[in-house]
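J.: What follows is a structure written as structure tokens; I'll ask about it next.
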Amino acid sequence: MSRSIVRQSKFRHVFGQAVKAEQGYDDIRVSKVTWDSSFCAVNPKFLAVIIESSGGGAFLVLPLSKSGRVDKNYPLVIGHSGPVLDIDWCPHDDNILASCSEDCTAMVWQIPDHALTRPLSDPVVVLEGHSKRVGIVTWHPTARNILLTAGSDNLIIIWNVGTGEPLLSMDDHPDLIYSISWNRNGSLFCTTCKDRRLRVCDPRKREVVAERLAPHEGIRPMRAIFTRDGNIFTTGFTRMSQRELGLWDPTNFEEPIALLELDTSNGVLLPYYDADTNLVYLCGKGDSSIRYFEITEEPPYVHYLSTFSSKEPQRGMGFMPKRGVDVSKCEIARLYKLLDKKCEPITMTVPRKSDLFQDDLYPDTAGPEPAMEAEEWLDGRDEDPILVSMRDGYVPPKSRELKVAKKNVLDSRPTTRRSMSTLETNSLPPQLLERLLEEIQNLKATVLSQEKRICDLENKLSQYTNGTA
């Protein structure tokens, strides 16, 4: 008598669910540019979406709490002179966003905590080094201020945005680069290219340390991401144009760990990986479904879990960092699905009866503090992400202002500020104390008058914008 054995996994019953309509974001004109980017980036504070705009490139940045219908006159981020192709939030500062465009530049932006009241057109720093359009921008996972860009000139440049200067560049790719993914500690990255090769690169040695020709035999675009264990998960197409996924050991590219055919569809599969749970979510452009798989150490190594399906096809997708999920509802992932004119959050939940914190679902996750400075990484140091506990839920950190210096890297140590109540007033001469208090009062009055002037000017500006003046 045969008995089927069901694989044991706490993620077997993960289910996806779209939020209520009023918790989505409506009237967003999602970009129609022909580029296989996700068009969306999200973090625990903000949602950013690349949108259609005339006269250059623009993207929309909304506080997560600002759900519902988006006003057509809502201020945009409008610094690029060509269509924006990719955006990425800094993992170490939730107010810093990087963007790249067809205008051959990448830009870094400081987003204020409150909703924008006027269009943002002044980036913190402009990164100019590519001769053709820049299609990929991605932050280093553990080092402060390290940003990677890749362009249609087949060039990869690694920048220190704290100084606004390039640190390294690599020109080992003979054709268009499709995707780039850092490994967990940022010592290596993997790339997929139009020449059908999967490469593993060491940027500080400026060399390709491993490569594989045609991990998927089809000629359509591939995607690749590093997993927590150092393996590489890929998506691509077979010779018969069937979509396919694979798992590879970069130390032995001869045979795949796993290779699985999925279906026949034209859309490129964008993989989103959760290192804490070892789950990968596959979102095909033009699909109306999201498949998710678990990667394990037991055969067949990549296990299909389930599919979330909806009626409308997706134009792009954003993936929330683990710090932003709701632990009280056993939510292990949240994706932001872009439709033609709206963005729809989708929650991935493990059903549990208990209301207590589920330790097995939420191991310590990568926190917002960088593990090292840019110079330390450049000198050869490697560090895993600094982990934080999920037990108390997410508490948003105070925003830090990004400063660009030509020689000094950002120093985020705040200066100590003592209030008048902590001063030993007995040690000050009465006349000096009186002068200090008078000067403080004068400064406060000046600040208040300037704030009133700013409010008046903003009101006049909004009147002119709305045509009521």
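The values are calculated or read from the model by the stated rules, or taken from the named source; none is laboratory data. Note that this is a predicted model, so its numbers are computed, not measured. Cβ sites come from the backbone with ideal geometry, for glycine too, and all protein chains shown count toward neighbours. Heavy atoms of the whole protein, side chains included, go into the accessibility calculation; ligands, DNA and RNA do not. Shrake-Rupley method; radii C 1.70, N 1.55, O 1.52, S 1.80 Å.
J.: Would you say Ser38 is in a loop (DSSP other than H, G, I, E, B) and either within 19 Å of Tyr178 (Cβ to Cβ) or in contact with a Ser or Thr (Cβ under 7 Å, 6 or more places away or on another chain) (or both)?
T.: Yes.
J.: Quick test of your reading of the structure: Leu361 fulfils all but one of (1) within 23 Å of Pro123 (Cα to Cα); (2) modelled with pLDDT of 80 or more. Name the failing condition by number.
T.: (1)
J.: What number of residues in the stretch 103-117 are farther than 23 Å from Lys337 by Cα, at pLDDT 95 or above and assigned to a loop (DSSP other than H, G, I, E, B)?
T.: Residues meeting the conditions: 2.
J.: Find all pairs meeting these conditions: Cβ atoms under 9 angstrom apart; at least six residues apart or on different chains; first residue within the stretch 353-382 and of a type in the set (Val, Ile, Thr); second residue open to solvent by 40 Å² or more (accessible area, probe 1.4 Å).
T.: If the second residue must be open to solvent by 40 Å² or more (accessible area, probe 1.4 Å), the pairs left are Thr365/Pro321; Thr365/Leu387; Thr365/Val388; Thr365/Ser389.
J.: Which strands (runs of 3 or more DSSP E) sit wholly inside the stretch 230-346 and have at least 3 residues that are polar (S, T, N, Q) and either in contact with a strand residue (DSSP E or B) (Cβ under 6 Å, 6 or more places away or on another chain) or open to solvent by 30 Å² or more (accessible area, probe 1.4 Å) (or both)?
T.: Those strands (runs of 3 or more DSSP E) span 302-309.
J.: Based on what the data block shows, is Val33 β-branched (Val, Ile, Thr) and part of a strand (DSSP E or B)?
T.: The answer is no for Val33.
J.: Out of all the residues in the stretch 208-216, is one or more modelled with pLDDT of 95 or more, part of a loop (DSSP other than H, G, I, E, B), of a type outside the set (A, V, I, L, M, F, W, C) and open to solvent by 20 Å² or more (accessible area, probe 1.4 Å)?
T.: No: the stretch 208-216 contains no residue that is modelled with pLDDT of 95 or more, part of a loop (DSSP other than H, G, I, E, B), of a type outside the set (A, V, I, L, M, F, W, C) and open to solvent by 20 Å² or more (accessible area, probe 1.4 Å).
J.: Moving on to the next point. Give Ser310, Ser328 a once-over and let me know the one that is touching a residue at least 40 places away in the same chain (Cβ under 8 Å) and farther than 20 Å from Ser38 by Cβ.
T.: Exactly one of Ser310, Ser328 is touching a residue at least 40 places away in the same chain (Cβ under 8 Å) and farther than 20 Å from Ser38 by Cβ, namely Ser328.
J.: Now a separate question. Restricting attention to the stretch 217-229, which residues are under 12 Å from Thr192 (Cβ atoms), assigned to a strand (DSSP E or B) and hydrophobic (A, V, I, L, M, F, W, C)?
T.: Across the stretch 217-229, the qualifying residues are Ala224, Ile225.
J.: Looking at the stretch 8-22, I want the residues that are under 16 Å from Leu361 (Cα atoms) and have a partner that is of a type in the set (Asp, Glu) and open to solvent by 80 Å² or more (accessible area, probe 1.4 Å) with Cβ atoms under 8 Å, at least 6 apart or on another chain. Which pairs are those?
T.: none
J.: Now for a separate question. Checking His92 against (1) assigned to a loop (DSSP other than H, G, I, E, B); (2) open to solvent by less than 40 Å² (accessible area, probe 1.4 Å); (3) free of Cβ contacts under 8 Å to residues at least 40 places away in the same chain, only one condition comes out false. Which one?
T.: Only one criterion in (1) assigned to a loop (DSSP other than H, G, I, E, B); (2) open to solvent by less than 40 Å² (accessible area, probe 1.4 Å); (3) free of Cβ contacts under 8 Å to residues at least 40 places away in the same chain is unmet by His92, namely (3).
J.: Which is part of a strand (DSSP E or B), touching a Ser or Thr at 6+ places or on another chain (Cβ under 7 Å) and either open to solvent by 10 Å² or more (accessible area, probe 1.4 Å) or not small (Gly, Ala, Ser) (or both), of Leu97, Leu85?
T.: Leu85
J.: Now a separate question. So, of the residues in the stretch 52-63 that are at pLDDT below 95 and open to solvent by 10 Å² or more (accessible area, probe 1.4 Å), which turns out to be nearest to the chain's Cα centre (by Cα)?
T.: Restricting to residues being at pLDDT below 95 and open to solvent by 10 Å² or more (accessible area, probe 1.4 Å), the top hit is Glu52.
J.: Let me spell it out: the conditions are (1) under 20 Å from the mean Cα position of the chain (by Cα); (2) open to solvent by less than 10 Å² (accessible area, probe 1.4 Å); (3) at negative phi, and Gly186 meets all of them except one. Which number is the exception?
T.: Of the numbered conditions (1) under 20 Å from the mean Cα position of the chain (by Cα); (2) open to solvent by less than 10 Å² (accessible area, probe 1.4 Å); (3) at negative phi, the odd one out for Gly186 is (3).
J.: Would you be able to tell me the number of residues in the stretch 105-135 that are open to solvent by 20 Å² or more (accessible area, probe 1.4 Å), of a type in the set (Val, Ile, Thr) and over 22 Å from Glu369 (Cβ atoms)?
T.: 2
J.: Which one is modelled with the lowest pLDDT, of the residues in the stretch 373-394 that are surrounded by fewer than 15 Cβ atoms within 10 Å (Cβ to Cβ), closer than 30 Å to Gln358 by Cα and of a type outside the set (Ser, Thr, Tyr)?
T.: Among those residues, the one meeting the criterion is Gly393.
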